[in-house]
Structures are given as C-alpha cells and as structure tokens.
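Undergrad: Sending over a structure as structure tokens; questions will come in a sec.
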Amino acid sequence: MKLRALTFVTMNVYWFGLAFMWNALHPIVLPALLLRFVPEALKNTYLGAMTFAGLMVAMVVQPLAGAWSDRTRSRWGRRRPWMVAGTAASLTALALMSGASGFWVLAFGYVLLQFASNTAHGPAQGLIPDLVPSERHGLASGYKNLFDMGGLVVASLIAGRLMSEGNPGLVFALVAAVLVVCVSITVLATRETPGGAPAVASKPRSSLHADLRRFPAYTEMLVARFLVLLGIYVVQSFAQYYIRDWLGMADAAAVTGNLMAAIGIALTLLVFPAGWLSDKIGRWSLNIIAGIVASIGIALLVFARSVTAVYAFGAIIGMATGVFVSVNWALATDLIPHDEGGKYLGFTNFATAGAGAISRLGGPLIDGANALWPGSSAGYPITFALAAAATLAGALLFVGVRRRARANGTLPATGGK
C-alpha cells in the first residue's frame with residue numbers, strides 16, 4: 001500500500017494535540033497553580049505525589065484501552081471510536097481543573113484527565129502498526145514525533161507567557177480547543193478498515209495478558225527505555241521549581257516555557273531525520289548514543305549558574321531526547337507482534353508512564369534535601385545527578401540487550417545494527 005506524505009500528517013496530527021496539552025500542564029501550568037494551594041516548603045512533594053498518582057493510572061489504562069481496541073469492531077474501525085470517547089472525557093476533566101479552588105479538586109481533575117486521555121492514547125498508538133508497512137515505521141515514527149515536538153514547542157511558548165500573566169483559565173481553554181481540532185483531523189482523515197459487529201470486550205486481566213517471554217528483546221528494551229526516560233523526566237518535572245529556587249528567577253513560569261521551547265526546537269531538528277536515518281543504519285546504535293548524550297546534558301545542569309547555561313544544557317538534552325524518542329518508538333514497533341499492536345505498544349507505556357511516575361518521587365527527595373540544608377536548594381543538584389546516572393544506566397543497558405539479541409538471533413529485520 002502506497003502512503004502519501006499527507007496521510008502520514010493526518011494520521012499523526014493527533015499527537016500534536018496531546019503534546020500541546022501535557023507540555024502545557026506538566027512543566028508550566030500545574031507547578032504554577034500548586035503554589036496557590038500548597039505550602040512553599042512542600043511544593044515539590046505535592047507536585048510529585050499528584051502527578052505520580054495520575055501517571056500510575058496512565059500505566060494501567062493505556063495498555064488496557066489499546067488491548068480492547070485490538071478487539072473492537074465498528075464502522076469506524078478499531079482505534080477511532082476510542083479516540084473520540086477519550087477526548088470527549090478529557091474535555092470534562094480540563095473544565096474541572098480550570099475551575100479548581102483547592103488542591104484536591106485540582107488533583108481529582110488531573111487523575112481523571114490521565115484516565116480519559118489514555119483511553120484515547122492507547123488505541124491511537126495502534127494506527128501506525130495497523131496501516132503502515134514495517135519498512136516505513138521509522139518514517140511514520142518521525143512524523144509522529146515531529147508533531148510531539150511541535151506541540152512541546154508551541155505549548156511551552158504560549159503557556160509560559162499566559163501563566164506569567166496570570167491566565168490559567170485561558171491556557172485550559174486553548175488546550176481544549178487544540179485537542180478537539182487535532183483529534184477531528186485524525187479521526188476524519190484516517191481510513192481504517194470497517195469491522196463487523198462490535199466485539200465483546202475481554203476482561204481486563206486477559207486484555208493485559210501478554211507472553212513477554214516470547215519477546216525477550218522487547219522486554220529488556222522496555223527496562224532500558226524506562227531508565228533513559230526516568231532521568232529526562234526528573235528534569236522536566238521539577239524544572240520550574242529548579243529555575244525558581246536554584247537560579248533565583250522570579251518569573252519562573254515564563255523562563256520554564258522558554259527552556260521547554262528550546263528543548264523542543266532541538267528535539268524537532270532531529271526527531272524526523274532520526275526516524276528516517278534509523279531505517280537506513282539501524283535503531284540500536286542511535287538509542288545508545290542518544291541516551292549517553294542525554295545523561296551528559298542532565299549532569300551539566302548540576303553546575304548551571306545562569307539561565308543561558310540552562311538553555312544550552314537543555315538544548316543538549318533536547319537533541320538527545322529527540323533522537324531517542326523517535327528511534328526507540330520505531331524500535332518498539334519492530335519488536336512487537338503487529339496483530340496485537342495496540343496492546344504491546346500500550347505496554348511500552350509501562351516504561352514511559354512508569355518513568356514519568358517514578359520521576360515524581362524526586363519531589364520528596366528535593367524537599368527533604370532542601371530541609372537538611374536550608375537556603376541551599378541542594379535538593380536539585382543531588383536529584384539531577386541521580387537522574388543523569390539513571391539515564392546513563394539505561395543507555396548502557398541497550399548495549400547488553402543488543403548483544404544478547406544478536407547472540408540469540410532475535411534482532412528484528414529492520415534496525416538490527
């Protein structure tokens with residue numbers, strides 16, 4: 001089947017909406033809003049606890065929804081009905097968060113948003129394995145991640161500016177509008193093969209069951225992915241408070257937005273060519289190099305003493321992350337059984353959302369270290385140093401996974417180098 005460039009665009013534009021939403025909320029909107037509701041000395045702990053709970057929900061919901069979509073039969077195909085339902089529920093959660101007058105209402109809305117959004121996210125990941133030939137997964141992944149990074153850049157610049165002006169309600173309204181436009185384009189322009197009558201959904205336990213022993217390289221790849229992303233997410237999670245406390249910046253929301261935009265631009269410059277290049281020279285080497293470079297960028301933040309330095313080191317992290325997220329996702333599509341793409345790519349989220357969730361436990365570590373050395377903000381360099389070590393460990397684990405897969409003859413036909 002010949003796929004045009006426009007098909008890759010419309011199939012993946014939904015990821016721009018999701019990226020716009022989460023990159024506005026996680027690094028910029030939520031940290032700024034929490035300062036209204038929680039004690040100053042415990043802000044990292046509250047932020048970490050709330051987002052940890054939401055991401056644990058995401059870990060379960062995304063593969064479950066993906067697995068159910070594998071079995072769905074409807075006129076609209078397998079994936080798109082779930083995408084519409086999940087987006088509609090997301091709008092309700094965004095409205096609840098926008099009107100929150102206290103921490104617990106905000107937290108409930110956030111957890112509800114994670115549930116709703118991942119109900120759409122899991123099935124949406126199945127579109128590429130369903131509709132794109134395996135030899136073009138790298139190219140399709142490049143388009144997907146290009147939209148991911150575009151959403152990051154635009155959300156960072158707009159949300160940072162609006163939050164510095166005290167307009168969180170406008171940010172939530174804009175997030176909702178972008179999400180609706182993007183899901184509409186993907187749902188209306190993507191053509192899935194219609195199924196028969198709706199299938200009876202299987203029980204959650206059987207839907208989540210997968211014999212990962214059949215795919216040892218995929219299983220070990222998930223562990224390596226988790227470690228690489230863990231360090232990166234620690235930086236993203238607490239960037240605003242790091243800029244506020246470590247660098248002493250009063251307008252931390254705007255500076256964080258600029259930092260995320262700088263990272264996003266660096267990501268965007270590499271994410272598309274990385275996916276294409278991985279089809280030519282292989283996925284494994286690019287994963288390893290990207291993880292090592294990201295760990296160096298994170299470690300350099302420990303020594304940053306100016307916004308300029310933070311921007312420069314953030315760009316290093318961004319370029320490495322751009323290569324990693326594009327190439328690693330393409331590698332995942334190579335390693336899974338394509339007839340259960342929704343389920344297995346949902347399991348990839350155990351590494352993604354799991355890393356995001358565990359990274360939030362850095363909040364109590366930061367607050368605890370800051371309390372031990374009052375006025376020093378020592379919790380940030382300590383936590384970032386540990387984050388760099390985790391990312392480096394993940395990169396080195398990829399070396400071992402590739403070696404074992406090559407020895408066992410289980411390297412995929414594409415990207416085996």
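The values are calculated or read from the model by the stated rules, or taken from the named source; none is laboratory data. All figures in this text were calculated on a predicted structure; none of them were measured in a lab. Every residue, glycine as well, gets a Cβ built from its backbone with ideal geometry; the counts of neighbours run over all protein chains shown.
Undergrad: Got a number for residues in region 70-83 being in contact with a helix residue (DSSP H, G or I) (Cβ under 7 Å, 6 or more places away or on another chain) and either in a loop (DSSP other than H, G, I, E, B) or over 23 Å from His26 (Cα atoms) (or both)?
TA: Result for region 70-83: 7.
Undergrad: Please identify the pairs in which a residue from region 177-191 that is within 19 Å of Ala5 (Cα to Cα) has its Cβ atom under 9 Å from the Cβ atom of a residue that is among the hydrophobic types (A, V, I, L, M, F, W, C) and assigned to a loop (DSSP other than H, G, I, E, B), counting only partners at least 6 apart or on another chain.
TA: Listed by first residue and then by second, the contacts come to Cys182/Val13; Val183/Val13; Ile185/Val13; Thr186/Val13; Val187/Trp76; Ala189/Val13.
Undergrad: May I pose another question? Which of the residues that make up region 11-37 are outside any helix (DSSP H, G or I) and either touching a residue at least 24 places away in the same chain (Cβ under 8 Å) or crowded, with 24+ Cβ neighbours inside 10 Å (or both)?
TA: Val13, Phe37
Undergrad: Looking at (1) within 25 Å of the chain's Cα centre (by Cα); (2) at pLDDT below 80; (3) among the basic types (Lys, Arg), which is the one condition that is false for Arg406?
TA: Of (1) within 25 Å of the chain's Cα centre (by Cα); (2) at pLDDT below 80; (3) among the basic types (Lys, Arg), only one is false for Arg406: (1).
Undergrad: Right, next: When only residues in region 242-276 that are aromatic (Phe, Trp, Tyr) and surrounded by fewer than 24 Cβ atoms within 10 Å (Cβ to Cβ) count, which is modelled with the lowest pLDDT?
TA: Phe272
Undergrad: Taking only region 86-99 into account, find how many residues are closer than 18 Å to Pro31 by Cβ and crowded, with 20+ Cβ neighbours inside 10 Å.
TA: 2
Undergrad: Right, here's the next one. Which residue is surrounded by the fewest Cβ atoms within 10 Å (Cβ to Cβ), if the candidates are limited to region 131-148 and must be modelled with pLDDT of 80 or more and of a type in the set (D, E, K, R)?
TA: Taking the candidates together, the pick is Asp148.
Undergrad: Further question: Looking at Ala107, Ala116, Ala93, Ala155, which is the one that is small (Gly, Ala, Ser) and either touching a Lys or Arg at 6+ places or on another chain (Cβ under 8 Å) or touching a residue at least 60 places away in the same chain (Cβ under 8 Å) (or both)?
TA: Ala155
Undergrad: Does Ala67 satisfy being part of a helix (DSSP H, G or I) and buried (at least 24 other Cβ atoms within 10 Å of the Cβ)?
TA: Answer is yes for this residue.
Undergrad: When you look at Met83, is it crowded, with 20+ Cβ neighbours inside 10 Å, in contact with a His (Cβ under 9 Å, 6 or more places away or on another chain) and of a type outside the set (Phe, Trp, Tyr), yes or no?
TA: Judged against the criteria, Met83 is a match.
Undergrad: Can you name the condition, by its number, that Gly282 falls short on among (1) of a type outside the set (Lys, Arg); (2) at positive phi; (3) buried (at least 24 other Cβ atoms within 10 Å of the Cβ)?
TA: So Gly282 meets the others, but not (3).
Undergrad: Would it be correct to say that Ala309 is free of Cβ contacts under 8 Å to residues at least 40 places away in the same chain and farther than 22 Å from Gly400 by Cα?
TA: yes
Undergrad: Let me ask something else. Within region 192-236, track down each residue that is modelled with pLDDT of 65 or more and over 18 Å from Ala332 (Cα atoms).
TA: Glu192, Thr193, Pro194, Gly231, Ile232, Tyr233, Val234, Val235, Gln236
Undergrad: In the list Gly160, Gly126, Gly151, which residue meets the criterion of being farther than 22 Å from Gly264 by Cβ and crowded, with 24+ Cβ neighbours inside 10 Å?
TA: So the residue among Gly160, Gly126, Gly151 that is farther than 22 Å from Gly264 by Cβ and crowded, with 24+ Cβ neighbours inside 10 Å is Gly126.
Undergrad: I'm trying to understand the selection: among the residues of region 95-145, which are assigned to a helix (DSSP H, G or I), within 26 Å of Trp76 (Cα to Cα) and of a type in the set (A, V, I, L, M)?
TA: Leu112, Leu113, Ala116, Ala120, Ala124, Leu127, Ile128, Leu131, Leu139, Ala140
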